[in-house]
Amino acid sequence: MTRQAVSRRRVLAAGAGALLGGVVTTVGVAAAAAPIASAPPLTRPKPIPGWTNLTTAVRPPARLEPTLTYMPSVHALLLFGGRRTDAFNDTWTYSLVSNQWAQLAINAPRARWSHVAAWHPDARRVLVHGGRHDHGFWDDTWAFDPAANAWSRVLTGAGGPLGRGGHGTAITPAGDFHISHGFASDRYFDDTWVLRDSAWSDVSPAVRPRGRALHQCVWDAVRSRLLLLFGTSEGALYHNDTWAFDPGQGRWSQLTTGPRPPGRQMHAAVFEPLRGVAVVLGGKVQNVNVTDAWTLDRDDRWTNVSPIPGLSPRFGHAATVDPATGLIYLFGGET
């Protein structure tokens, strides 16, 4: 493994720019505050094309590689972890009702970055797995309950995935929590795991994407599949391939239709269900931070939808989507 993939300082130095804080959205709603126990229907304004800066006076410190997750039960976003000079383990919520950030003074998982998170629709919790810390990689799984504003450790028993960071995640409508690929200090992973009923299973088939990290995974709600998008491998190779995992068949297949975006790492990605497209945002292409946006449609065709006004080039940012409106929210990163 190259030092570029392993060294936190080298990744930061490659960005050679400012760390970013605050939230922006692609189509104009404001945002912020603490979650509420039960959320009434939210009246949302008509979207305005382009990025809108939603930064408020009270907000989390700027950072790289946090997770940002939409929690539909409380109309709020959850921001956890990330890094600046040191790693964070602070917990922040960003209410789409009151348009304010709130930091929760609660016991939380240990500080980490380059972890993954996803909303569990049945449990109504955010699941968090793995990530990096100053001396290695975590292999633990945690759940955040927005109704109680509390974290709890998910006890999964022995035999789960090895500790890692830079992996991808997607969760099915039934609540099967998948993680795929990533890296540790001595390897790039090429495996795929699923957490179901508090037990991990290795579902890696023989044919699979090459080992990699700092990619993204999203759940394609239209075609019921996990998409794996880009990433980096040994030798500073930047991938521009797209793969789909069918959980029912337990099979990976590479999508090869038409032109593709430039290979990249440390980008953000979401699946926008109203239009039925996966959206890739920014990242690092070779040693250049980019601000482009690409969509993958129902026919597995990539389209460059840049430029979208209002966003600076960045990498290591986090994004999530409100599936009821198609609004994409983005936080942080480095220019």
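Numbers at a glance
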read-out: Hits in region 118-137 - residues which are within 17 Å of the chain's Cα centre (by Cα) and assigned to a strand (DSSP E or B); value: ALA118, TRP119, HIS120, ARG125, VAL126, LEU127, VAL128, HIS129, GLY130, GLY131, ARG132
read-out: Residue list for region 270-287, restricted to those being farther than 13 Å from LEU229 by Cβ, free of Cβ contacts under 8 Å to residues at least 60 places away in the same chain and not charged (D, E, K, R); value: PRO273, LEU274, GLY276, VAL285, GLN286
read-out: Residue selected from region 323-335 under the condition within 16 Å of ASN53 (Cβ to Cβ) and small (Gly, Ala, Ser), by the criterion surrounded by the most Cβ atoms within 10 Å (Cβ to Cβ); value: GLY333
read-out: Residue match in region 230-239 (condition: acidic (Asp, Glu), in contact (Cβ under 8 Å) with a residue 24 or more places away in the chain and either surrounded by fewer than 17 Cβ atoms within 10 Å (Cβ to Cβ) or touching a strand residue (DSSP E or B) at 6+ places or on another chain (Cβ under 9 Å) (or both)); value: yes
read-out: Residues within region 144-163 that are touching a strand residue (DSSP E or B) at 6+ places or on another chain (Cβ under 7 Å), more than 19 Å from PRO205 (Cβ to Cβ) and in contact (Cβ under 8 Å) with a residue 12 or more places away in the chain, tallied; value: 10
read-out: Hits in region 304-332 (condition: of a type in the set (Ser, Thr, Tyr) and touching a Pro at 6+ places or on another chain (Cβ under 9 Å)); value: THR325
read-out: Any hit, region 216-236, residues being within 18 Å of the chain's Cα centre (by Cα) and among the acidic types (Asp, Glu); value: yes
read-out: Selection status of PHE183, hydrophobic (A, V, I, L, M, F, W, C) and touching a helix residue (DSSP H, G or I) at 6+ places or on another chain (Cβ under 7 Å); value: yes
read-out: Residue selected from region 306-322 under the condition of a type outside the set (Gly, Ala, Ser) and modelled with pLDDT under 95, by the criterion surrounded by the fewest Cβ atoms within 10 Å (Cβ to Cβ); value: PRO309
read-out: Within region 101-131, considering residues that are more than 13 Å from PHE80 (Cα to Cα) and among the charged types (D, E, K, R), the one surrounded by the most Cβ atoms within 10 Å (Cβ to Cβ); value: ARG125
read-out: 2 or more residues touching a residue at least 24 places away in the same chain (Cβ under 8 Å) and more than 23 Å from ARG63 (Cβ to Cβ): qualifying strands (runs of 3 or more DSSP E) within region 288-335; value: 288-296, 302-304
read-out: Segments classed as strands (runs of 3 or more DSSP E), wholly inside region 143-198, with at least 3 members that are among the basic types (Lys, Arg) and over 18 Å from the mean Cα position of the chain (by Cα); value: none
read-out: Given (1) under 18 Å from the mean Cα position of the chain (by Cα); (2) in contact (Cβ under 8 Å) with a residue 24 or more places away in the chain, number of the condition ILE106 does not satisfy; value: (1)
read-out: Checking ARG84 against (1) surrounded by fewer than 23 Cβ atoms within 10 Å (Cβ to Cβ); (2) among the basic types (Lys, Arg); (3) touching a Gly at 6+ places or on another chain (Cβ under 6 Å), the condition it does not meet; value: (3)
read-out: Every residue from region 270-287 that is part of a loop (DSSP other than H, G, I, E, B) and either under 13 Å from the mean Cα position of the chain (by Cα) or within 23 Å of GLY326 (Cα to Cα) (or both); value: PRO273, LEU274, ARG275, GLY276
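The values are calculated or read from the model by the stated rules, or taken from the named source; none is laboratory data. Worth saying up front: this structure is predicted, and the values here are computed from it rather than measured. A quick note on method: Cβ atoms are made from the backbone with ideal geometry, for glycine too, and the neighbour counts reach across all protein chains shown.
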